1. Considering only residues that are more than 10 Å from the chain's Cα centre (by Cα) and part of a strand (DSSP E or B), look in region 144-163 and name the one that is nearest to Gln117 (Cα to Cα).
2. Would you mind stating whether Ala124 is over 21 Å from Gly37 (Cα atoms) and either in a helix (DSSP H, G or I) or at pLDDT 90 or above (or both)?
3. Of everything in region 127-143, what is farther than 18 Å from Pro160 by Cβ and not in a loop (DSSP other than H, G, I, E, B)? Give them in sequence order.
4. Residues of region 108-141 being touching a residue at least 40 places away in the same chain (Cβ under 8 Å) and farther than 24 Å from Gly81 by Cβ, which ones?
5. Under 6 Å between Cβ atoms, at least 6 apart or on separate chains: pull out the pairs that start in region 91-107 with a residue that is more than 16 Å from Ala79 (Cα to Cα) and end on any residue that is part of a strand (DSSP E or B) and of a type in the set (Asp, Glu).
6. Filter region 45-88 down to the residues that are at pLDDT below 75, in contact with a Leu (Cβ under 9 Å, 6 or more places away or on another chain) and of a type in the set (Val, Ile, Thr) and list them by number.
7. Quick check: anything in region 83-97 of a type in the set (Asp, Glu), farther than 17 Å from Pro39 by Cβ and outside any loop (DSSP other than H, G, I, E, B)?
8. I'd like to check something: does region 101-110 contain any residue that is buried (at least 17 other Cβ atoms within 10 Å of the Cβ) and assigned to a strand (DSSP E or B)?
Amino acid sequence: MKAPKQSRHGHLAKSLAFAACAWSVCAAAPAYAVLGGEPMNAPQGATATSAKAVAHAASASGASATQASNYTVRTTTLASGTIVNEYLSTQGIVFGIAWHGPRVPNLPTLLGSYFPQYQQGLLAQRAARGGRGPVSVDDPGLVVNSGGHMGSFAGSAYLPQSLPAGVSASDIQ
């Protein structure tokens with residue numbers, strides 16, 4: 001007796017189940033930053049972590065008075081060699097992330113609850129420009145830029161509404 005043929009839908013269901021399982025494994029990986037949230041412990045295999053407090057002066061509406069806006073930059077070198085900079089507000093909330101190195105870090109983990117918004121922006125960009133090239137998602141609540149080539153990637157993500165006074169997008173690097 002022959003085994004019944006599997007329909008395309010059965011194959012698709014198995015593929016989707018595999019993808020969901022793979023996604024859950026990735027989602028369970030240790031995080032090192034969550035955009036819009038608190039920083040987390042460095043992932044297993046990270047080789048170095050350092051933190052640097054930054055005082056950034058901003059002029060108030062062109063006046064000579066300045067207002068200090070402090071934030072902290074935490075740098076972590078992942079096991080892959082990729083360096084991740086986390087930008088934390090004085091309240092300890094991650095408002096920006098930047099990376100550079102041989103591999104793109106785990107973006108679902110880095111972007112946290114902003115990842116679906118990033119995916120929508122990425123799909124819209126790919127539909128308009130095609131499937132290759134650097135990524136530039138510029139939504140009112142999220143900005144992500146990423147690009148590079150095999151062995152050399154760089155990118156940044158930040159929340160425009162959460163940038164401390166006097167801090168600009170160019171400071172996230």
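1. Gly147
2. Taking the combined requirement at face value, the residue satisfies it.
3. Selection gives Ala127, Ala128, Arg129.
4. Going residue by residue through region 108-141, those that are touching a residue at least 40 places away in the same chain (Cβ under 8 Å) are 108-114.
Within region 108-141, Ser113, Tyr114 qualify.
5. Pairs that qualify, where the first residue is more than 16 Å from Ala79 (Cα to Cα) and the partner is part of a strand (DSSP E or B) and of a type in the set (Asp, Glu), are Val94/Glu86; Ile97/Glu86.
6. Matches in region 45-88: Thr47 only.
7. No, region 83-97 has no match at all.
8. Within region 101-110, one or more residues are buried (at least 17 other Cβ atoms within 10 Å of the Cβ) and assigned to a strand (DSSP E or B).
The values are calculated or read from the model by the stated rules, or taken from the named source; none is laboratory data. Computed from a predicted model, the values in this text were never measured in an experiment. As a convention, Cβ positions derive from the backbone with ideal geometry for all residues, glycine included, and neighbour counts pool all protein chains shown.
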